[in-house]
Every structure is written in C-alpha cells, then in structure tokens.
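The values are calculated or read from the model by the stated rules, or taken from the named source; none is laboratory data. Small disclaimer: the values here were computed from a predicted structure and weren't measured. So basically every Cβ, Gly included, is an ideal-geometry build from the backbone, and we count neighbours across all protein chains shown. Heavy atoms of the whole protein, side chains included, go into the accessibility calculation; ligands, DNA and RNA do not. Shrake-Rupley method; radii C 1.70, N 1.55, O 1.52, S 1.80 Å.
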Amino acid sequence: MMTDRRVLMFCIVAFLAIAPQAARPQDVADKVQPEAATGTTARAPVYAEKYMISAANPLAVEAGLKILRRGGRAADAAVAVQAMLGLVEPQSSGLGGGAFLVYYDAALGTVATIDGRETAPLQANGDLFAGPDGKPLQFFDAVVGGRSVGVPGVVRLLEKVHGRYGRLPWAALFEDATALAKSGFTVSSRLADLLEADRDRLAGQSEARGYFFDSDGAPLKAGAILKNPHYAETLTTLAQGGPGEFYSGAIADKIIDAVRLHATNPGLLTIEDMQTYKAKERPAVCAPYRDFQVCGMGPPSSGALTIGQILGMVAQFDLAALGPDDPQSWRIIGEATRLAFADRGRYMADSDFVTIPKGLLNAEYLAGRARLIQRDTALGKNEVDAGDPPWDKAELRLNGISLEIPSTSHFSIVDDDGNIVSVTSSIENAFGSRQMAAGFLLNNQLTDFSFVPQIGGEAVANRVEPGKRPRSSMSPTIILKDGKPVYVLGSPGGSRIIPYVAKTVIALIDWGMNMQAAIDLPHMVNRFGTYDLEAGTTAEAMADDLTAIGFEVKIGDLNSGLHGIAIRDGTLEGGADSRR
C-alpha cells in the first residue's frame, strides 16, 4: 500500500517531507546531478505523488507530515509547521511575529491570501524612531527593546486559515511542538552561529540571555539540548483555549509587559492593540508572465507587485534564447529589478492607509519602463527613478528611508487533495527585538517603516501611523497555468526576497529548470545599482562581464531560504535551499 511506503527525505540542512511514488534511485535526495547550465552542481529534486512539505527544518517538516498522514489538509499542516519553527528556528519566525499566506483551494480553483502582518500601536506616530535630537535613530538603537515591536499577527493568521480550510481539530495541531518544547531539541549549527554573532545584543536582555546562554554565560553551542517549558505552556494554552487566549489573556499581558517595561527602550503596545488585531483576507495580486499567472500577496507586502513589475519588464526580452550564462540576461533582470524597486520605494505601502497607483502592473506602463533597458549597457545611477504609472487619484509620493534586515522563514505545502499553502513568516531581524515573552521572541517589524515620516513637509507613504502595517518584501507565491497550479515557492531574505523569487520564477519558466536547480541557481541581485553576486558560486565569474557592461559589482554571501514545489502531470517535484 502507498501508506506503508511514505517516508521522509532530508535535503542537506533544508528539508522536504514527501509521500513518494514507487521508490526510484533518481528520487533519492543525496543524488547529485551533472553540472547545471551555470556550471554549478545542483542536488536532485525529490518526487512524490500525494503530498509534500518543503521547509527549513526537519523537525518542522516532520510535524507537518504527521498532520497530513492523519488526513489533515495543507491548512492544518501549516499550523503544525509554524508552531515547530517557532521552537527550533526561533531567530527567524514564531508566534511573536507576522506572516503572509497564499492559499490555493483545489475544490474551488481559487487563490486567496491572508495578511497576518504586524500593526503599529494605536499610540504610535511618525516620530516613533526619532531620537531626542529629532534625527532618526540608528537601526539597532531602534530595534533592541520594546519600541520596535508591532502587534503579532501569526496566531490570528493561523486561526483564519484553519477555520476556513482546516479539517483536523485545532488542539491536535500543537502536539509535536509542545512535546518537543518539554523534552528539548538539539541546537543546530546555524542557530549556534547566529547566537554567537549576536551575543552582545542578546546578553543585554535578561530573558533572552537566560534562555540562549549556558550557565557560564556563553551562547549555547551546537549540540546542546534546549528545553522551553514556557513555550510548551503557551502552546498548551493556545490548544485548549484557542487563539483568543493569545490576544486577551495572560500571554497578551506578558507581551505587553515585555514591551512597555523595557528599561531603556520601552514601546507603546497596549491590551487594546492586542484585542483589536485582525488578520485580513485580501485579494490576491496576479501578474501575467509568458503563459502563466504569478499570484502572491498584495500590500502591505510589496512582493507580488514588485515581482510582477520585474516579470512584466523582462517579458519584453527573449531570456530563454539568451540563457542563464549570458551576462545580458542578468543585465536585463538587474535593470528591471532596479526600476521596480524605484516604484516600490515611492508608491508601495499599506493600502488601508495610502492610495497606490492602480497601474503598477499595467502592460503598457511596464512595456514603456522596459524600453529604458533596450540597450547593451547599464543604466546610470541618475537614470533610474520611479515611473508615473496610471492612477485612479494621484497623490504626491516621496521615497522613504527604511531597512529590512533578513530573518524570516518560508514553507510550501501541497496536500493530497491538491490544496496548496505558501507561507512566509518573520520576526524581521535575527532574534527580532531580542525581547522574549511566554517562551518566544517578539518581532521588531516596526523598523520596516520609514524612519523619516516626511521630507520637505510632504508625507512618505511607508511612514508610521497608528494601526498601520509596515511595508514588507515577503513574497509567498503560487503560479498557475491555464487556471491550474504548477509552482509554489517563496523565500526569506529581507528586500532581497523579491529578486530571489523572481530569479527562481525565470529559471523555472524561461530556462526550463527543475525546482531544485532553480533554487540552486547562484544569486545575482541588483536592487539599487550595485550588482550583488553570491560568493563561492559561479556567479563570481560574471563579475568582469557585468563590470564591463557598466555595473558596480560586489561579491558576498546571499543567504536565501527558497522552498518550493512543482506540480507536473500529477507528480510533485520539490526543492529546498541548501544555503540554510
């Protein structure tokens, strides 16, 4: 029977849960493929017939797999995966953060999105990140403490997706994470390295220090066993009492105390902020690309709009003929990304608070933007500015100043009914605000707002306002062809999420790569003029060519966390990012 042959396969340090078809040697995750077109060696994709989970930690994958084995749907598995990630990957996402979710309903053939982004406290205003001298705070002076914490949205998002699409009881979805929080898990090398890198900031926060440091006052090392009884208690409360316990009960009180009572950098969060928070269903943003529809999350995420703009511009060029080894392919992709980021910086923010041009994905507008890059050399720094897309009602817009420091996680799920979940979840910076409450870290997502609310007396779109959601780059994505899903993917990576996902879409559609090869394709990213090339990969070999074209080039680490699944003729083909 197929049930007896279900197994779990791991892919380096990123993982896929699968229910495989008849065992085949080529399905083994450790098999290395021949060199890809770029000269890199790609791991083989993993195949399945019934269901699949691609995520950044094997314990989270296993928790979700157990739910699918019990007859749960993708929505049920998403709750279990997120609960476990909050325990074993606490620096990246968790109950103290926010998320965006894109859902494909197989029965209806529709794509829906849920916005679980954090909100600014009702007492906040544009001067939130101004220092005593009126100037913007330095980034980490704003981050560490309570000032940067927005109302967490993950729990309400999970409640909404489970209530609408789930099948199993809510309480059953927390069992694995609760048990592991009590018994303890092994600290990974990645978590240990991040603790060491952030030791000075964490050491200054008493609860984080008590959890992440050993009895000698040193950050925990890889291989240490870490128990979290407070998190187990929180999950038990959520399982038994429901999501309302998070926003009104003792858990809410602990969050508020951690924020407001911080000794040097208190925040503004109140019980009213917690009790009035809502995860919002919003229309999916779908952009055409070749014969496909690329669907994702609209504002307050800039992901789907910006990816849609990039793809709309590069669609004017024959990238398939150029291929991934031609520097002109990357000139076109890089310039389209720069132009899209110029529009993103000026126009995109929480659409509940600002008017966004209706024509950002207008085909004629994007074709006009693409004509700017119908040349062989790079655009100069003064040649890239926001365009003038069609409006319903125009408003003056100015570019703001904000940073997105990556610490996020993405997971993709396909269940055996064909339902699909694509979730990108975050606490923003690694270890968020460094504040812990009830066993989990609190976000610092408010620093995704512009630190400067106005310039020359004119308002910046992504300024802080009471109850507003900061602009995000998170880009959970589902791609359709002829109305049927063919790909699901997403990534962490701060504002680089957008080019990471766009590159992967191009690799899948234009260059015909399988999911694993598309994920493994070396990163080459140009958001603001400098071309970032992924160190230690064949991207480095492109440096001279891109310099000759006119780009400033920088080589460094580009640590994505792409996790995706392709759906091909009834077979699932999964890839997971070995960079994590």
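Numbers below:
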| item | result |
| --- | --- |
| Long-range neighbours under 7 Å by Cβ, at least six apart or interchain, first residue within 20 Å of Q316 (Cα to Cα) within region 291-305, second open to solvent by less than 10 Å² (accessible area, probe 1.4 Å) and part of a loop (DSSP other than H, G, I, E, B) | A304/M297; A304/G298; A304/S475; L305/G298; L305/M348; L305/L360 |
| Of all residues making up region 306-327, the number that are farther than 12 Å from L361 by Cα and either surrounded by fewer than 19 Cβ atoms within 10 Å (Cβ to Cβ) or in contact (Cβ under 8 Å) with a residue 60 or more places away in the chain (or both) | 12 |
| Checking G184 against (1) over 25 Å from N559 (Cβ atoms); (2) surrounded by 15 or more Cβ atoms within 10 Å (Cβ to Cβ); (3) at pLDDT 95 or above, the condition it does not meet | (2) |
| Some residue of region 108-119 being in contact (Cβ under 8 Å) with a residue 24 or more places away in the chain, more than 15 Å from the chain's Cα centre (by Cα) and crowded, with 24+ Cβ neighbours inside 10 Å | yes |
| Whichever residue in region 384-399 is open to solvent by 90 Å² or more (accessible area, probe 1.4 Å) and at pLDDT below 90 and, among such residues, is farthest from R463 (Cα to Cα) | D392 |
| Matching entry among L191, L173, L238 (being within 30 Å of R69 (Cβ to Cβ), in contact with a His (Cβ under 9 Å, 6 or more places away or on another chain) and either of a type in the set (F, W, Y) or open to solvent by less than 10 Å² (accessible area, probe 1.4 Å) (or both)) | L173 |
| Some residue of region 401-409 being assigned to a loop (DSSP other than H, G, I, E, B), more than 30 Å from I565 (Cα to Cα), modelled with pLDDT of 95 or more and open to solvent by 10 Å² or more (accessible area, probe 1.4 Å) | no |
| So Y104, is it closer than 30 Å to A179 by Cβ, of a type in the set (F, W, Y) and either out of contact with any strand residue (DSSP E or B) (no Cβ under 9 Å at 6 or more places or on another chain) or in contact (Cβ under 8 Å) with a residue 12 or more places away in the chain (or both) | no |
| Pick from region 243-255, criterion in contact with a helix residue (DSSP H, G or I) (Cβ under 6 Å, 6 or more places away or on another chain) and among the small types (G, A, S), ranking: surrounded by the fewest Cβ atoms within 10 Å (Cβ to Cβ) | S248 |
| For K221: the one exception among (1) in contact (Cβ under 8 Å) with a residue 12 or more places away in the chain; (2) farther than 21 Å from V61 by Cα; (3) open to solvent by 50 Å² or more (accessible area, probe 1.4 Å); (4) part of a helix (DSSP H, G or I) | (4) |
| Residues being surrounded by fewer than 23 Cβ atoms within 10 Å (Cβ to Cβ) and among the basic types (K, R) - total across region 120-155 | 1 |
| Condition met for E233 (out of contact with any Gly (no Cβ under 9 Å at 6 or more places or on another chain) and either part of a helix (DSSP H, G or I) or charged (D, E, K, R) (or both)) | no |
| Any hit, region 454-466, residues being open to solvent by less than 20 Å² (accessible area, probe 1.4 Å) and at pLDDT 95 or above | yes |
| Residue among K381, K280, K358 that is among the charged types (D, E, K, R), surrounded by fewer than 24 Cβ atoms within 10 Å (Cβ to Cβ) and closer than 17 Å to R471 by Cα | K280 |
| Any hit, region 424-442, residues being among the charged types (D, E, K, R) and crowded, with 24+ Cβ neighbours inside 10 Å | yes |
| Helices (runs of 4 or more DSSP H) fully within region 133-200 counting 1 or more residues that are within 16 Å of A224 (Cα to Cα) and in contact with an Asp or Glu (Cβ under 8 Å, 6 or more places away or on another chain) | 189-197 |
| Filter pass, E196 being touching a Pro at 6+ places or on another chain (Cβ under 9 Å), in contact (Cβ under 8 Å) with a residue 24 or more places away in the chain and among the charged types (D, E, K, R) | no |
| Any hit, region 562-573, residues being of a type in the set (S, T, Y), in a strand (DSSP E or B) and either touching a residue at least 60 places away in the same chain (Cβ under 8 Å) or open to solvent by 40 Å² or more (accessible area, probe 1.4 Å) (or both) | yes |
| Tabulated pairs, region 267-284, first within 25 Å of V102 (Cβ to Cβ), second part of a loop (DSSP other than H, G, I, E, B) and open to solvent by less than 60 Å² (accessible area, probe 1.4 Å), C-beta under 7 angstrom, 6+ apart or interchain | Y277/G153; A279/G153; R282/G298; P283/G298 |
| Residue that is surrounded by the most Cβ atoms within 10 Å (Cβ to Cβ) [pool: residues in region 256-276 that are of a type in the set (V, I, T) and out of contact with any helix residue (DSSP H, G or I) (no Cβ under 7 Å at 6 or more places or on another chain)] | V259 |
| Scan of region 157-170 for residues that are more than 25 Å from the chain's Cα centre (by Cα) and either within 18 Å of V414 (Cβ to Cβ) or open to solvent by less than 50 Å² (accessible area, probe 1.4 Å) (or both), ordered by number | R167, L168 |
| Boolean, V421 is touching a strand residue (DSSP E or B) at 6+ places or on another chain (Cβ under 8 Å) and closer than 24 Å to V501 by Cα | yes |
| G267 being modelled with pLDDT of 95 or more and out of contact with any His (no Cβ under 6 Å at 6 or more places or on another chain) | yes |
